[in-house]
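The structure appears below as structure tokens.
The values are calculated or read from the model by the stated rules, or taken from the named source; none is laboratory data. In this text the structure is predicted, and so the values were computed from the model without any measurement. Every residue, glycine as well, gets a Cβ built from its backbone with ideal geometry; the counts of neighbours run over all protein chains shown.
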Amino acid sequence: MAFSRAIPSSLVLVFLLFSFSEARDILVGNKNDAWKIPTSDSESLNRWAEASRFQIDDSLVWKLDSQKDSVLQVTKKDYMACNTTTPIAKYKEVNTKVKLDRSGPFYFISGAKGHCEKGQKLIVVVLSAKRGYMGISPAPSPMENEGRAMAPTSSGSGLKAGLMVMMGCLFGIVLL
């Protein structure tokens with residue numbers, strides 16, 4: 001009986017775990033008209049990016065007026081200088097989509113003359129694959145652990161009990 005009630009909870013848990021690891025399409029600034037010269041510090045796309053979490057394989061999506069503007073992916077040096085002459089990539093599509101294919105910072109500036117200097121730029125930092133969800137580092141592998149190895153016990157009952165508790169926690173089942 002308890003097992004049949006735990007199945008829906010287990011399915012929800014599995015769904016949540018997989019949904020956190022899927023790549024996402026993220027609308028820049030969480031709105032269609034975010035790629036513009038900010039009128040205040042609170043409109044800065046960097047403030048939005050600092051409050052967001054980006055993972056490898058996520059994609060940034062811009063809604064552009066391609067007649068008036070573009071998005072340039074640039075180096076840090078060109079970002080700081082608002083240099084539009086040597087971009088890594090130039091995006092001008094109405095629905096521009098840029099895949100974040102590695103960890104670390106990505107630098108974007110407006111391709112419209114004078115817009116970068118007025119604050120129309122964005123830095124996005126992608127979490128390292130090793131950091132995991134919410135910045136929690138995974139447990140080290142046995143090779144990374146420099147401590148002494150412990151000999152296994154002659155009885156497997158402790159291992160079985162630990163495994164049962166872990167499975168119970170994972171699937172929401174209370175084992176007696």
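Could you list, in sequence order, the residues of the range 44-64 that are in a loop (DSSP other than H, G, I, E, B), on the phi < 0 side of the Ramachandran plot and in contact (Cβ under 8 Å) with a residue 12 or more places away in the chain?
Hits for the range 44-64 are SER44, SER52, ARG53, GLN55, ILE56, ASP58, LEU64.
If you go through the range 10-28 one residue at a time, do you hit one that is at pLDDT 90 or above, in contact with a Ser or Thr (Cβ under 9 Å, 6 or more places away or on another chain), surrounded by 12 or more Cβ atoms within 10 Å (Cβ to Cβ) and of a type in the set (Gly, Ala, Ser)?
No, there is no match, as no residue in the range 10-28 is at pLDDT 90 or above, in contact with a Ser or Thr (Cβ under 9 Å, 6 or more places away or on another chain), surrounded by 12 or more Cβ atoms within 10 Å (Cβ to Cβ) and of a type in the set (Gly, Ala, Ser).
Are any of the residues in the range 70-79 at pLDDT 95 or above, farther than 25 Å from GLU22 by Cα and in a loop (DSSP other than H, G, I, E, B)?
yes
Please count how many residues of the range 122-149 are hydrophobic (A, V, I, L, M, F, W, C) and either modelled with pLDDT of 95 or more or touching a helix residue (DSSP H, G or I) at 6+ places or on another chain (Cβ under 6 Å) (or both).
Number of matching residues: 5.
Would you confirm whether any residue within the range 104-121 is touching a Ser or Thr at 6+ places or on another chain (Cβ under 6 Å), modelled with pLDDT under 95 and closer than 22 Å to ASP25 by Cα?
No, the range 104-121 contains no residue that is touching a Ser or Thr at 6+ places or on another chain (Cβ under 6 Å), modelled with pLDDT under 95 and closer than 22 Å to ASP25 by Cα.
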